[in-house]
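Here's the structure we're looking at; comments come further down.
Read-outs: derived from the displayed coordinates by stated rules, not from any lab. Nothing here was measured: the structure is a model prediction, and the numbers come from that model. Virtual Cβ from ideal backbone geometry, glycine too; neighbours counted across all protein chains shown.
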Amino acid sequence: MAIEKLTEDRDTRSGFGAGLQELGQENKDVVALCADLTGSLKMDAFEKENPDRFFQVGIAEANMISIAAGMTVGGKIPFTGTFANFSTGRVYDQIRQCVAYSGKNVKICASHAGLTLGEDGATHQILEDIGMMKMLPHMTVINPCDYNQTKAATKAIADLDGPVYLRFGRPKVPNFTPENQKFEIGKAWKIADGADVSIFATGHLVWKAIEAQAILAEKGVNAEIINIHTIKPLDVDAILASVNKTGCAVTAEEHQKNGGLGDSVAQTLALNNPAPIEMVAVNDSFGESGTPEELLEKYGLNTESIVEAALKAIARK
């Protein structure tokens, strides 16, 4: 099955901004807080339309999380916004104690995640955030793949009662999921059927997996592609159903191998149906400055790396 782009490439942070704007119009309990990065997080439209529900806290991310937790006591649904590094690493204590521990209804929305932050370099390219957040009890972790899916996810998490970590990015990427899709938290999306290998991808690497599928098809390999947009709760049934059919798996993510999607899928298989698995992810390393595509190639997160991993997994069956 050929997957085609629906529109021009678009950045996922703009999908978040569009979803937040619509939420502002539809749900008066939704409030937004930002740590001095309103333009970068595309929160401008919400701020303009809802100045009484937008709070600019400045470069005080820990304070932002604590304020958001307090707002939930009054029935508000706070969406916090800053870069992924500042959304997690800088404020982990506040998230753990003020949000996750008590199950507060805070939506932690994190842009500029992973290597594709590019030229800003290693200090800003957090690659551990999914692991940090998925290990917290009560926390839902979502990593959508394109503009449309990020917009849909942003709106969907407003209806979920509990803390959420929503991860997205800065670079423009192919926009290929349906415009008016129903986003189901915890429900994987099978993009293409296959019989030889299961490729579980998340975030920006979903499109890379689709590109890899076409190359594998030319080699006579029938790959199944599944978009794992929700890393926690993980769609265990979808993973097992796929690997029961194909007999091997590949995971692809813009994150460290340790603690990411690959770990979650490997644990699922080890507990239920051991099978060969290969992981396309950053291998215990910090990033560096460079263009997004240069970094994805250097750190082995490109289309060719997924093809190689698929062939290796198949050879291990």
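Tabulated values for the structure
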read-out	value
Potential extension, residue 63-residue 289 segment - 0.36 nm per residue separation minus Cα distance	78.4 nm
Student exercise, the range 165-288 dipole from Lys, Arg, Asp, Glu Cβ charges, in Debye to nearest 20	260
Pairs of Cα atoms farther than 29 Å apart, the chain, %	32
Tilt relative to the chain, helix 261-272 - C-alpha long axis, 0 to 90 degrees, to 10	60
Net charge of Cβ neighbours under 14 Å - reference residue 273; Lys, Arg +1; Asp, Glu -1	+1
Leading residue at positive end of dipole, the chain (Cβ point charges), from 256, 315, 88	88
Rg in Å to one decimal, and Dmax rounded to a whole Å, for the range 167-256 via C-alpha atoms	13.0, 36
Order of 160, 37 under a 10 Å beta carbon neighbour criterion, fewest first	160, 37
Zero-based 10 Å bins, Cα pair distances in the range 189-315, whole percents	14, 50, 30, 6, 0
Residues in the range 114-140 that a label on residue 97 would reach, taking backbone N under 15 Å of a point 7 Å out along Cα→Cβ	none
Binned Cα-Cα distance frequencies in the range 234-309 - 10 Å width, integer %	19, 46, 26, 9, 0
Which listed pairs, of 219/312; 219/257; 76/107; 134/245; 232/312, have C-alpha distances above 21 Å, in listed order	219/257; 134/245; 232/312
Rounded to 10°, Cα long-axis angle of helix 236-246 versus longest principal axis of the chain	20
Kirkwood Rh, Cα atoms: Rg over Rh of the range 1-102	1.03
Residues 40, 102, 66, sorted so that the one with the fewest Cβ neighbours within 10 Å comes first	102, 40, 66
nm² value of the averaged projected area, convex hull over the Cα atoms of the range 10-173	8.1
Beta bridge orientation in the range 10-173: antiparallel %, DSSP, nearest 5	10
Cut-off 12 Å between beta-carbons: net charge of the residues surrounding residue 188, Lys and Arg +1, Asp and Glu -1	-2
Distance between modelled label sites at residue 182 and residue 55, nm, 7 Å Cα→Cβ extension	3.4
The chain: angle of helix 61-73 to the longest principal axis, Cα-based, in degrees nearest 10	80
Summed side-chain charge close to residue 78 - residues other than residue 78 whose Cβ falls under 11 Å, Lys, Arg +1, Asp, Glu -1	+3
Within straight-line cross-link reach of residue 5, lysines at Cα separation under 18 Å, skipping those fewer than 8 residues along the same chain	151, 172, 190, 208
DSSP bridge orientation in the chain - percent antiparallel, rounded to nearest 5	15
Beta bridges by DSSP in the range 189-315, antiparallel share as percent, to the nearest 5	20
